[in-house]
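Remarks on the structure that follows.
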Amino acid sequence: MTLAPSSPLPLRPAKIWTAKACDVCGEATALRALPRRRYELATRKHRAEMLLDDVVCERCGFLFAGKVPDVEFISDFYREAHTPNSAIRDIKPDFDAEARLITLRKHLKQGCTVLEIGANDGAFTKALRENGFHAVGLDPLETAQEEFVVNAFAADGSVGAGSTTAGKKHDAVLAYYVLEHVSDARAWLTEARDYLVPGGTLVIEVPNFDTHPVESLYPEHFLHLTPSHLRRLLQVCGFEVLECGEARPSRYFGFTAVARRVEDATQPAQLSAEEIFHAVQRTEQRRRDALNLITAEEERMDSLASQVIGMIQCHAQKPPAIFVWAANIHATRLAQALKARNPDLTVTAVDSAVSKIGTLHEGFASPVIKPGFEANEPGGHLFLLCSPNWNSDIREQILALGLPQVEIIDAITWKPAQA
Ligand SMILES: [Zn+2]
């Protein structure tokens, strides 16, 4: 995740990091500080310096970034990091749209008005419109949007209303993988509630820190929500929770909450001292285990990247084309490690899953391609295999292609040579 010092992109630190209280229970002082996580996140124009001073709340066990950066830093980051390359068209969504629609059909009336906050390029807003909902989207991205997606930032730099179209009341507000990026969850949910008619429905999907702490601890996330913490948070923000964690998520690591705007919100039940003790213990243990896993994997991928760069430099003439096979978290780490060592390197992701082909996978500059290599293609091919379950099958597939110069490395089982 950290770029080499030689990277040409300038480092962009935040102007100020401000301490905050627990989003879930409001506790401002009994917050246990955990070791800082520092990342440099590459965007189109700069490396954003992310300083995550995680704290665990000693009143409810919620894990979150105890300090948040200034609005300008957040706005710049999302504008530069997530605006898709407008030259790339027909990118397929990286989420399960049908899973989302199943949950929505259960809770929403056909033809109701829907606001999707964090609509990105509008792929799901479009699906909503095709499925009989009067949907509009909101997103801060600059390009490649559908006309029904409004470009907007909220006051805290996150995605919020900014136009009269989007600012009116809706029957439902949806936000998929937005809340974990938000610096003040209570303010954000209060704003989301304001977009709802009384009794309107809020649908939130976020990474599940209980079941997928590695994915939850992604460096862009300020909040690490469990179903029980999100349930309590929604209750204090004026919602009645209809379901939380039961629906099929649209990404494997997430969970969905559906809540109703109520005017007489009930406060969540007090936790016992024993419940709090166990919640805090569990949170700290999960974070520790997840960070150990992430560090070990990043170090290994960095060593592999170093070997790959060395191999390429050995080629006197044209270096081989580099393919990372299987678009997943391992592929992302390997691509980022390669890019950190040589920002000019072209690395292409290959995957046979229809849901992934044509999508832009994290860490890669171009969409995932399907495995369709011609035996007579000129030049060498270097394949880095990243599928924990299918690498031996993929190797067979590659060998069957009969490419003239091919090198294959199993990136999952690869270990650095002992010094
Ligand atoms: Zn708390």
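The values are calculated or read from the model by the stated rules, or taken from the named source; none is laboratory data. Everything numeric in this text was worked out from a predicted model, so none of it was measured. Neighbour counts run over all protein chains shown; Cβ positions are idealised from the backbone, glycine included.
So that you can scan it fast, the table gives a plain yes or no per residue for (1) surrounded by fewer than 20 Cβ atoms within 10 Å (Cβ to Cβ); (2) over 30 Å from V236 (Cβ atoms); (3) not assigned by TED's automatic domain parsing to the domain that holds D54:
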position: H278; (1), (2), (3): yes, no, yes
position: L291; (1), (2), (3): yes, no, yes
position: Q307; (1), (2), (3): yes, yes, yes
position: P319; (1), (2), (3): yes, yes, yes
position: V324; (1), (2), (3): no, yes, yes
position: A335; (1), (2), (3): no, yes, yes
Picking from E98, E40, E72, which residue would you name as being away from the ligand (no atom under 16 Å from the Cβ), acidic (D, E), modelled with pLDDT under 95 and surrounded by 18 or more Cβ atoms within 10 Å (Cβ to Cβ)? E40
May I ask you to list the residues in the stretch 292-321 that are in a loop (DSSP other than H, G, I, E, B) and either under 21 Å from the mean Cα position of the chain (by Cα) or aliphatic (A, V, I, L, M) (or both)? A316
Residue count for the stretch 43-64, restricted to those that are more than 8 Å from the ligand (Cβ to nearest atom) and within 18 Å of P213 (Cα to Cα): 7
Give the stretch 11-37 a look and list any residue that's more than 13 Å from the ligand (Cβ to nearest atom) and of a type in the set (A, V, I, L, M), or say none. L11, A14, I16, A19, A33, L34
Those residues of the stretch 1-37 which are part of a loop (DSSP other than H, G, I, E, B), buried (at least 16 other Cβ atoms within 10 Å of the Cβ) and modelled with pLDDT of 90 or more, in sequence order: A14, K20, A21, C22, D23, V24, C25, E27, L34
